[in-house]
Amino acid sequence: METNEVVRGRLIDHVHLVVRDLAASKRFYGAVFEVLGVPLGGEGPGFFWADELFVSTADSPAAAGSLTGRHHLAFQASDRSGVERFHQVAVSAGGKDNGPPGVRKYHPGYYAAFVLDPDGNNIEAVFHGPAARSADSVRITFKG
């Protein structure tokens, strides 16, 4: 998939991971999100969330009673050092190295690192290199 332009923010509404150990997942994702500058959005009995990612236990009312399978999630970093800090912090917070920080051949400037989370999901932090963004993020406000 070599390309010079991508659109983000219109396909994925949310991703729900159902995990074995919520405390281990919260420790892992909390550390990763802090490095990436993404605050936890909230938490409650059996769940927590940040932006489009919702994480819960199998017995949470939001889950269907079973663990989700292995997934690959890629989080955006603001620069190469953010990718490097992600990798270091993710491994320190219970993740397993699945590819050290480095250039990947997906498109020019693609710099990424990969870590397996406590449930074996392949978590990536990526910096796409110098690029112009139309917006940092999209904010949706519900009416009603």
Carbon/sulfur accessible area of region 49-95, % of total, 1.4 Å probe, equals 50 percent
Over the chain: helical MRE at 222 nm, DSSP H runs n ≥ 4 each giving -39500 (n - 2.57), nearest 500 = -6500 deg cm²/dmol
Projected onto their principal axes, the Cα atoms of the chain stretch, largest extent first, over whole-Å spans of 43, 42, 25
Whole number in Å², please: accessible area per residue of the chain, 1.4 Å probe, ligands, DNA and RNA not counted.
-> 64 Å²
Report, in debye and to the nearest 20, how large the dipole of region 45-99 comes out about its Cα centre when Lys and Arg carry +1 and Asp and Glu carry -1 on their Cβ.
-> 160 debye
Lysines near LYS26 by alpha-carbon distance under 24 Å, same-chain residues fewer than 8 away left out - which ones?
-> LYS96
Pop a pseudo-label 7 angstrom from the Cα along the beta-carbon direction at both VAL138 and TYR106 and give the gap in nm to one decimal.
-> 1.9 nm
Restricting to Cα pairs under 8 Å and 6 or more apart, the percent relative contact order of region 21-93 works out to 32 percent
Given the chain, what percent of its DSSP beta bridges are antiparallel, to the nearest 5?
-> 65 percent
Potential lengthening between ASP51 and ASP13 on full extension [0.36 nm per residue; Cα-Cα distance subtracted] = 12.7 nm
Can you tell me the order of 34-43, 133-142 when each peptide is scored by its average per-residue count of other Cβ atoms within 10 angstrom, highest first?
-> 34-43, 133-142
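The values are calculated or read from the model by the stated rules, or taken from the named source; none is laboratory data. None of these values were measured; they are calculated from a predicted model. Virtual Cβ from ideal backbone geometry, glycine too; neighbours counted across all protein chains shown. Ligands, DNA and RNA are excluded from the accessible area calculation, which covers all protein heavy atoms including side chains. Shrake-Rupley method; radii C 1.70, N 1.55, O 1.52, S 1.80 Å.
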